[in-house]
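Here's the structure we're looking at; comments come further down.
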Amino acid sequence: MGASADNGLKIVVVGGFGVGKTTLVRSVSEIRPLNTEETMTKAGEAVDDISEVRGKSATTVAFDFGRITLDARNVLYLFGAPGQERFWFLWDRLFSGTLGAVVLVDTRRIDDSWYAIDRLEHHGTPFIVACNDFGGPAHAPQQIREALDLDPHVPLLECDARSRASAKQVLITLVEHVKSQHTKSLYDAQVPVPHQELAL
(Lines give C-alpha, C1' and ligand atoms only; values in the text may rest on other atoms or scores of the structure.)
Protein backbone atom coordinates (compact mmCIF):
# COMPACT_ATOMS: atom_id res chain seq x y z
CA MET A 1 0.00 0.00 0.00
CA GLY A 2 1.33 3.43 -0.92
CA ALA A 3 2.36 5.84 1.80
CA SER A 4 -0.32 8.33 0.68
CA ALA A 5 -3.19 5.91 1.43
CA ASP A 6 -4.15 6.66 5.00
CA ASN A 7 -7.72 5.39 5.34
CA GLY A 8 -8.24 1.64 5.51
CA LEU A 9 -11.90 0.59 5.30
CA LYS A 10 -12.77 -2.96 6.30
CA ILE A 11 -15.55 -5.13 4.89
CA VAL A 12 -16.27 -8.71 5.93
CA VAL A 13 -17.90 -11.35 3.72
CA VAL A 14 -19.71 -13.99 5.78
CA GLY A 15 -22.08 -16.85 5.19
CA GLY A 16 -22.41 -20.60 5.38
CA PHE A 17 -20.03 -23.29 4.20
CA GLY A 18 -19.43 -23.27 0.44
CA VAL A 19 -21.53 -20.19 -0.45
CA GLY A 20 -18.75 -18.51 -2.47
CA LYS A 21 -17.03 -16.14 -0.04
CA THR A 22 -13.52 -17.00 -1.24
CA THR A 23 -14.67 -16.74 -4.86
CA LEU A 24 -16.16 -13.28 -4.31
CA VAL A 25 -13.01 -11.93 -2.64
CA ARG A 26 -10.87 -13.47 -5.37
CA SER A 27 -12.97 -12.05 -8.21
CA VAL A 28 -12.94 -8.44 -7.01
CA SER A 29 -9.53 -8.00 -5.33
CA GLU A 30 -6.93 -5.95 -7.20
CA ILE A 31 -4.13 -7.97 -5.62
CA ARG A 32 -3.61 -11.69 -5.55
CA PRO A 33 -5.79 -12.57 -2.55
CA LEU A 34 -4.40 -14.18 0.55
CA ASN A 35 -6.26 -17.46 0.92
CA THR A 36 -6.07 -19.91 3.79
CA GLU A 37 -7.67 -22.77 1.91
CA GLU A 38 -6.79 -26.36 2.71
CA THR A 39 -7.67 -29.49 0.78
CA MET A 40 -10.76 -31.26 2.05
CA THR A 41 -10.14 -34.85 3.08
CA LYS A 42 -12.21 -37.95 3.76
CA ALA A 43 -11.77 -37.31 7.49
CA GLY A 44 -13.60 -34.00 7.15
CA GLU A 45 -16.69 -35.57 5.60
CA ALA A 46 -17.87 -36.53 9.08
CA VAL A 47 -17.59 -32.89 10.18
CA ASP A 48 -18.64 -30.81 7.14
CA ASP A 49 -21.89 -31.44 5.27
CA ILE A 50 -20.80 -31.52 1.63
CA SER A 51 -24.03 -33.01 0.24
CA GLU A 52 -24.93 -29.70 -1.46
CA VAL A 53 -21.38 -28.76 -2.49
CA ARG A 54 -20.10 -31.99 -4.06
CA GLY A 55 -17.60 -30.21 -6.33
CA LYS A 56 -15.87 -28.44 -3.45
CA SER A 57 -12.31 -29.68 -2.91
CA ALA A 58 -10.84 -27.01 -0.59
CA THR A 59 -12.11 -24.96 2.33
CA THR A 60 -11.09 -21.78 4.16
CA VAL A 61 -9.62 -22.45 7.61
CA ALA A 62 -8.82 -18.91 8.78
CA PHE A 63 -9.87 -16.11 6.42
CA ASP A 64 -9.46 -14.70 2.92
CA PHE A 65 -7.98 -11.27 2.36
CA GLY A 66 -8.20 -8.93 -0.62
CA ARG A 67 -7.78 -5.24 -1.34
CA ILE A 68 -9.31 -2.57 -3.56
CA THR A 69 -7.88 0.95 -3.94
CA LEU A 70 -10.74 3.46 -3.95
CA ASP A 71 -8.62 6.55 -4.53
CA ALA A 72 -5.21 7.97 -3.58
CA ARG A 73 -6.04 8.01 0.13
CA ASN A 74 -8.65 5.30 0.67
CA VAL A 75 -8.22 1.54 0.49
CA LEU A 76 -10.88 -1.11 0.99
CA TYR A 77 -9.83 -4.32 2.76
CA LEU A 78 -11.93 -7.44 2.20
CA PHE A 79 -12.00 -10.29 4.69
CA GLY A 80 -13.78 -13.54 3.85
CA ALA A 81 -14.78 -15.46 6.98
CA PRO A 82 -14.69 -19.27 7.19
CA GLY A 83 -18.16 -20.79 7.00
CA GLN A 84 -17.95 -23.95 9.08
CA GLU A 85 -19.35 -23.88 12.60
CA ARG A 86 -16.04 -24.95 14.14
CA PHE A 87 -14.46 -21.69 12.90
CA TRP A 88 -17.23 -19.33 14.08
CA PHE A 89 -15.13 -18.30 17.09
CA LEU A 90 -13.01 -16.27 14.63
CA TRP A 91 -15.93 -14.14 13.48
CA ASP A 92 -16.13 -11.75 16.44
CA ARG A 93 -12.50 -10.73 15.87
CA LEU A 94 -13.08 -10.29 12.16
CA PHE A 95 -16.09 -8.05 12.88
CA SER A 96 -13.96 -5.67 14.98
CA GLY A 97 -13.59 -2.32 13.22
CA THR A 98 -15.74 -3.41 10.29
CA LEU A 99 -17.46 -0.79 8.14
CA GLY A 100 -20.09 -3.31 7.09
CA ALA A 101 -20.63 -6.88 5.96
CA VAL A 102 -21.93 -8.91 3.06
CA VAL A 103 -23.93 -12.01 3.96
CA LEU A 104 -23.54 -14.37 1.02
CA VAL A 105 -26.44 -16.82 0.70
CA ASP A 106 -27.03 -20.04 -1.20
CA THR A 107 -30.83 -20.18 -1.45
CA ARG A 108 -30.68 -23.99 -1.60
CA ARG A 109 -29.33 -23.92 1.98
CA ILE A 110 -30.81 -20.72 3.32
CA ASP A 111 -30.76 -21.79 6.98
CA ASP A 112 -26.93 -21.80 6.83
CA SER A 113 -27.11 -17.98 6.81
CA TRP A 114 -29.04 -17.49 10.03
CA TYR A 115 -26.01 -17.51 12.32
CA ALA A 116 -24.19 -14.87 10.26
CA ILE A 117 -27.18 -12.53 10.37
CA ASP A 118 -27.66 -13.12 14.09
CA ARG A 119 -24.01 -12.27 14.88
CA LEU A 120 -24.05 -9.13 12.73
CA GLU A 121 -27.25 -7.91 14.37
CA HIS A 122 -25.71 -8.69 17.78
CA HIS A 123 -22.68 -6.52 16.93
CA GLY A 124 -24.82 -3.77 15.38
CA THR A 125 -22.87 -4.12 12.12
CA PRO A 126 -24.61 -2.83 8.96
CA PHE A 127 -24.99 -5.57 6.37
CA ILE A 128 -26.60 -6.52 3.10
CA VAL A 129 -27.63 -9.93 1.79
CA ALA A 130 -26.42 -11.19 -1.60
CA CYS A 131 -27.84 -14.41 -3.03
CA ASN A 132 -25.11 -16.20 -4.98
CA ASP A 133 -26.35 -17.89 -8.15
CA PHE A 134 -25.88 -21.66 -7.98
CA GLY A 135 -28.51 -22.40 -10.61
CA GLY A 136 -31.10 -23.62 -8.13
CA PRO A 137 -34.82 -22.84 -8.26
CA ALA A 138 -35.70 -19.15 -8.32
CA HIS A 139 -37.23 -17.58 -5.23
CA ALA A 140 -39.09 -14.29 -4.96
CA PRO A 141 -37.26 -11.65 -2.89
CA GLN A 142 -40.12 -11.59 -0.38
CA GLN A 143 -39.79 -15.35 0.14
CA ILE A 144 -36.08 -14.95 0.89
CA ARG A 145 -36.75 -12.01 3.24
CA GLU A 146 -39.30 -14.05 5.16
CA ALA A 147 -37.03 -17.11 5.33
CA LEU A 148 -34.18 -14.98 6.73
CA ASP A 149 -36.47 -12.78 8.84
CA LEU A 150 -34.78 -9.72 7.31
CA ASP A 151 -35.66 -6.19 8.36
CA PRO A 152 -37.20 -4.24 5.46
CA HIS A 153 -34.28 -1.76 5.40
CA VAL A 154 -31.66 -4.48 4.72
CA PRO A 155 -30.79 -4.53 0.99
CA LEU A 156 -31.24 -7.86 -0.77
CA LEU A 157 -29.76 -8.57 -4.21
CA GLU A 158 -28.70 -11.40 -6.48
CA CYS A 159 -25.10 -11.89 -7.55
CA ASP A 160 -22.64 -14.18 -9.26
CA ALA A 161 -19.55 -14.34 -7.05
CA ARG A 162 -17.45 -15.45 -10.03
CA SER A 163 -18.11 -12.17 -11.87
CA ARG A 164 -15.97 -9.14 -11.04
CA ALA A 165 -18.75 -6.78 -12.18
CA SER A 166 -21.33 -8.55 -10.02
CA ALA A 167 -19.03 -8.64 -6.98
CA LYS A 168 -18.29 -4.92 -7.42
CA GLN A 169 -22.04 -4.19 -7.47
CA VAL A 170 -22.42 -6.10 -4.19
CA LEU A 171 -19.74 -3.92 -2.55
CA ILE A 172 -21.22 -0.72 -4.01
CA THR A 173 -24.62 -1.68 -2.59
CA LEU A 174 -23.07 -2.28 0.84
CA VAL A 175 -21.20 1.05 0.86
CA GLU A 176 -24.37 2.91 -0.20
CA HIS A 177 -26.31 1.15 2.57
CA VAL A 178 -23.68 2.02 5.19
CA LYS A 179 -23.70 5.64 4.01
CA SER A 180 -27.50 5.87 4.22
CA GLN A 181 -27.47 4.33 7.72
CA HIS A 182 -24.80 6.81 8.83
CA THR A 183 -26.73 9.75 7.37
CA LYS A 184 -29.91 8.58 9.10
CA SER A 185 -28.07 8.29 12.43
CA LEU A 186 -26.73 11.84 12.09
CA TYR A 187 -30.19 13.13 11.20
CA ASP A 188 -31.83 11.32 14.13
CA ALA A 189 -29.20 12.78 16.48
CA GLN A 190 -29.89 16.33 15.29
CA VAL A 191 -33.70 16.26 15.21
CA PRO A 192 -34.97 17.57 18.54
CA VAL A 193 -37.45 15.39 20.38
CA PRO A 194 -40.79 17.26 20.61
CA HIS A 195 -41.38 18.54 24.13
CA GLN A 196 -44.61 17.24 25.57
CA GLU A 197 -46.51 19.74 27.67
CA LEU A 198 -47.70 18.46 30.98
CA ALA A 199 -51.47 18.25 31.31
CA LEU A 200 -52.49 20.32 34.29
Looking at this structure, is SER113 of a type in the set (S, T, N, Q), touching a strand residue (DSSP E or B) at 6+ places or on another chain (Cβ under 8 Å) and either open to solvent by less than 50 Å² (accessible area, probe 1.4 Å) or closer than 19 Å to HIS182 by Cα (or both)?
yes
Out of the residues in the range 134-178 meeting the condition of being acidic (Asp, Glu) and over 19 Å from TRP114 (Cβ atoms), tell me which one is most open to solvent (accessible area, probe 1.4 Å).
GLU158
Pick out the one residue from PRO137, PRO126, PRO141, PRO152 that is farther than 23 Å from LEU24 by Cα and not basic (Lys, Arg).
PRO152
The residue that is modelled with the lowest pLDDT, considering only those in the range 61-87 that are open to solvent by 60 Å² or more (accessible area, probe 1.4 Å) and farther than 21 Å from GLN181 by Cβ, is ARG86
Residue check, ALA101 against (1) open to solvent by less than 70 Å² (accessible area, probe 1.4 Å); (2) in a helix (DSSP H, G or I); (3) among the small types (Gly, Ala, Ser), all met but one. Which one?
(2)
List every residue pair whose Cβ atoms lie under 9 Å apart, where the two residues are 6 or more positions apart in sequence or sit on different chains, the first residue falls within the range 148-166 and is farther than 17 Å from GLY18 by Cα, and the second residue, located anywhere, is small (Gly, Ala, Ser) and open to solvent by 40 Å² or more (accessible area, probe 1.4 Å).
HIS153/SER180
When the range 141-200 is examined, which residues are found to be modelled with pLDDT under 90 and assigned to a loop (DSSP other than H, G, I, E, B)?
VAL191, PRO192, VAL193, PRO194, HIS195, GLN196, GLU197, LEU198, ALA199, LEU200
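The values are calculated or read from the model by the stated rules, or taken from the named source; none is laboratory data. These numbers were taken from a predicted model, which means no experiment stands behind them. Backbone-built Cβ (ideal geometry, glycine too); neighbour counts: all protein chains shown. Each accessible area value is taken on the protein alone, full model and side chains, heavy atoms only, with ligands, DNA and RNA left out. Shrake-Rupley method; radii C 1.70, N 1.55, O 1.52, S 1.80 Å.
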